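I have placed the structure first, in the form of structure tokens, so that the comments after it can refer back to it.
The values are calculated or read from the model by the stated rules, or taken from the named source; none is laboratory data. Given the structure is predicted, the values throughout are model-derived calculations rather than measurements. Virtual Cβ from ideal backbone geometry, glycine too; neighbours counted across all protein chains shown.
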Amino acid sequence: MRDRSSVKNDMHKQTACPFCNPDKSKVILANGHAIAFHDGFPDTPGHSLIVPKRHIASFFEATREEQAALFDLLAEMQIMGSTEMAFYESCR
């Protein structure tokens with residue numbers, strides 16, 4: 001089993017991390033520590049990703065401030081998703 005430091009080093013060696021450098025046109029919401037964007041391969045309509053701006057291997061490596069920022073975007077995305085789904089349903 002690999003330790004966390006080797007996982008982190010492997011992650012930093014990646015040259016084109018899609019989460020570190022997302023296409024700015026696909027970003028839906030952002031705050032000081034996190035960004036939200038639609039998944040390029042969604043499992044369901046509206047499936048989105050919320051990721052920290054700082055490259056980390058695990059949610060548990062995020063600072064409390066970063067975790068709060070992630071949850072803030074999650075709450076905003078939930079509201080946006082509910083609104084979008086209500087509009088979609090009304091058009092059926």
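Points worth noting:
- Among the residues listed as Asp72, Asp39, Asp43, the single one being acidic (Asp, Glu) and within 15 Å of Cys17 (Cα to Cα): Asp39
- The stretch 1-33, subset β-branched (Val, Ile, Thr) and at pLDDT 75 or above, residue surrounded by the most Cβ atoms within 10 Å (Cβ to Cβ): Ile28
- Every pair of residues 6+ apart whose Cβ atoms lie under 6 Å, when the first sits in the stretch 71-92 and is within 11 Å of Gly46 (Cα to Cα) and surrounded by fewer than 12 Cβ atoms within 10 Å (Cβ to Cβ) while the second is of a type outside the set (Lys, Arg) and at pLDDT 80 or above: none
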